[in-house]
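Enquirer: Structure in structure tokens, see below.
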Amino acid sequence: MIYGERIRFRAVEHDDLPTFLKWVNDPEVKQGLGIYLPLSMADEEEWFSGVRNRPPEEHNLVIEIRKPEQDGEDVTWTMIGGCGFFRYEQRNRSAEFGIMIGDKAYWDQGYGTEAVRLLVKHGFETLNLNRIFLHVFDNNPRAIHAYEKAGFTLEVRERQAEYRDGKYIDLLLMSILKSEYLERGEAI
Ligand SMILES: CC(C)(COP(=O)(O)OP(=O)(O)OC[C@H]1O[C@@H](n2cnc3c(N)ncnc32)[C@H](O)[C@@H]1OP(=O)(O)O)[C@@H](O)C(=O)NCCC(=O)NCCS
């Protein structure tokens, strides 16, 4: 487990696949993702076994939030999304990341930003990365805002790189360097 303030990351289990499938087929959620066709359980199974064969640094993580503790009750955790690194390059010490808060009831409560910060901390302080980057569609202000809050800056605008809903959208490349992370002094 990787613990943040209100969230934690755990490894993805096979039992999580139906929940992921529901999320990635939700039109509002997938609008921000590189997914544009309906996905089946077979697609999810293929994704799951594909990830298992990737380097351990690229294994996806489930984002869980701590439920408010009631008197005398045990702490419980609820799954709200997933995140992880891909395009991990050991020699260049760089990786790209992706994130999805799949349960929309938890959008705009700071969980996305906290997950990005925790993943960045994990990337720099555990995986010893030097550069973390991401791609985000220009029409996803919620994500862009969360990334900016976590310290990412715009590096490149790929003009009209994506075709969605009858129009072209710019694709933004954003990044954060380890030196910038350290300057922010934001260790969680
Ligand atoms: C993008 C995503 C991870 C953000 O997670 P989140 O928990 O909703 O984000 P946060 O609450 O931490 O931050 C979102 C910020 O954007 C703001 N925001 C929301 N809608 C906005 C809009 N239309 N314009 C500008 N800012 C907006 C929120 O107010 C919040 O800022 P604040 O904390 O300063 O008020 C989540 O919405 C998600 O998974 N979406 C679907 C999949 C996706 O798009 N993934 C990203 C792919 S690049």
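All of the numbers you see were taken from the coordinates with simple rules; none came from a lab. Please read these numbers as outputs of a predicted model, since none were measured by experiment. A quick note on method: Cβ atoms are made from the backbone with ideal geometry, for glycine too, and the neighbour counts reach across all protein chains shown.
Enquirer: With the dipole of the chain worked out from charges on the C-beta (+1 for Lys and Arg, -1 for Asp and Glu) around the Cα centre, which of G4, Q90, V62 lies farthest toward the positive end?
Expert: Result: Q90, furthest along the dipole toward the positive end.
Enquirer: Decide, for the range 1-92, between rounded, prolate and oblate: order the square roots of the alpha carbon gyration tensor eigenvalues as a ≥ b ≥ c, take rounded if a/c falls under 1.5, and otherwise choose prolate if a/b is larger than b/c, else oblate.
Expert: It comes out oblate by the Cα gyration axes.
Enquirer: While we're here: Taking square-rooted eigenvalues a ≥ b ≥ c of the alpha carbon gyration tensor, is the chain rounded, prolate or oblate, where a/c under 1.5 means rounded and, failing that, a/b exceeding b/c means prolate?
Expert: Taking the square roots of the gyration eigenvalues as a ≥ b ≥ c, the chain is rounded.
Enquirer: While we're here: How much mean residue ellipticity at 222 nm does the chain get from its helices, if each DSSP H run of length 4 or more adds -39500 (n - 2.57) and you divide by all residues, to the nearest 500 deg cm²/dmol?
Expert: Taking each H run of at least 4 residues, the total per residue is -8500 deg cm²/dmol.
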